[in-house]
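Written below as structure tokens is the structure these notes are about.
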Ligand SMILES: O=C(O)CCC(=O)C(=O)O
Ligand SMILES: [Fe+2]
């Protein structure tokens, strides 16, 4: 079940409860099996009744002193509000109106940030929704079967985070923001509207995130922050674009990254903890909303970051200091650079790698308490 081999669409367990692992894809529909309590303790709480709504799940108080589990979790059949019934293409067009939106358009459904195989275009929201919902278009920019993607933005794109209640007030009232965090932690609410087949590259964000699926189905593949070294990062994105059949000559380490996978259906909510990598594939035309909130103290974040994906200020400072240190090493001949580079890596590992994180829980060791030497290595 904990299959790390790319290409195999294994249902890695998105979350655990009690003794065993639950495969998110095979959870029964129509009930909330468990939930991550983010506000109090980040722990997964036991089964709630079928009638439980998010409010009653997440406001439970947890007196446990055990370490918080910052793990992805899928909540099924959540009461997201009237949007679940109302958000048809026609209704979205009527209520969203002809407000201009900036969209990604590409001739192929797999968006490639490395070769920029997409163009930024502007369309009235109602026209965009209509085109994104159809496979072939009578009006188009690049070709008649082009793919569309909207990640909604704030009013002042460079400064303001997206907020549905400001950009789309008539639609925002149909969507209940899940109450998993205090009001002053709210950062943004973002429309994610994709053509059928659209795939967004693997990336991480620096804030905690709830991705709500309102219409259509979407596959989401996640990788732990601990697999960062196996993902061939370029900034916040992975260069491995085809995660289902990766080029292993170019990316041999990718096989070591453990793949977690779920399929979101309307009414499902995925908790994506900050720094967890995610890759989305729209299995149908679909509308989602994601909500970012500040999980760290407010001053940890870059103030000029409307997207929620700039590294925390302390991390940026540390990365800059590393660049300076590397520059200093350039004063030495290659064999010395190599030697001191290795020593620096060892120092960084000793100082920063967290033992508690390394002891990842598995089916054999649900609590992650076995010494790490006894844990099965991801495929
Ligand atoms: O749903 C998508 O297409 C992307 C979602 C995403 O990247 C996010 O919620 O941070
Ligand atoms: Fe994201």
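Bear in mind that the values in this text are calculations on the coordinates, not laboratory data. Everything numeric here is computed off the predicted structure, so don't read it as measured data. Positions of Cβ are generated from backbone atoms using ideal geometry, with glycine treated the same way; all protein chains shown enter the neighbour counts.
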Output the peptides 85-92, 218-225 sorted from most to least packed, where packing is the average of other Cβ atoms within 10 Å over each peptide's residues.
218-225, 85-92
Using all Cα-Cα distances in segment 71-300, what percent lands in each 10 angstrom bin from 0 up to the longest?
8, 33, 38, 19, 3
Distance in Å, no decimals, from the C-alpha centre of segment 78-152 to the one of segment 292-331 is 33 Å
Cα-Cα pairs above 23 Å in segment 104-239: how many percent?
43 percent
Taking 236, 184, 247 and counting other C-beta atoms within 10 Å, the order from fewest to most:
184, 247, 236
List the pair-distance distribution P(r) of segment 238-277, using every Cα-Cα distance, as the percent of pairs falling in each 10 Å bin from 0 up to the bin containing the longest distance, rounded to whole percents.
21, 44, 29, 7
Residue exposure sequence - 310, 249, 258 - by fewest surrounding Cβ within 10 Å
249, 310, 258
Principal axis box of segment 207-326, alpha-carbon based, largest edge first, Å
48, 41, 19
Along the Cα-to-Cβ line of residue 155, 7 Å from the Cα, sits a label point; which residues in segment 303-329 have backbone N less than 20 Å from it?
304-308
Listed with the fewest Cβ neighbours within 10 Å leading, 239, 323, 173 appear as 323, 173, 239
Using a Förster radius of 35 Å, what is the FRET efficiency between residue 173 and residue 242 based on their Cβ-Cβ separation? Nearest 0.05, please.
0.30
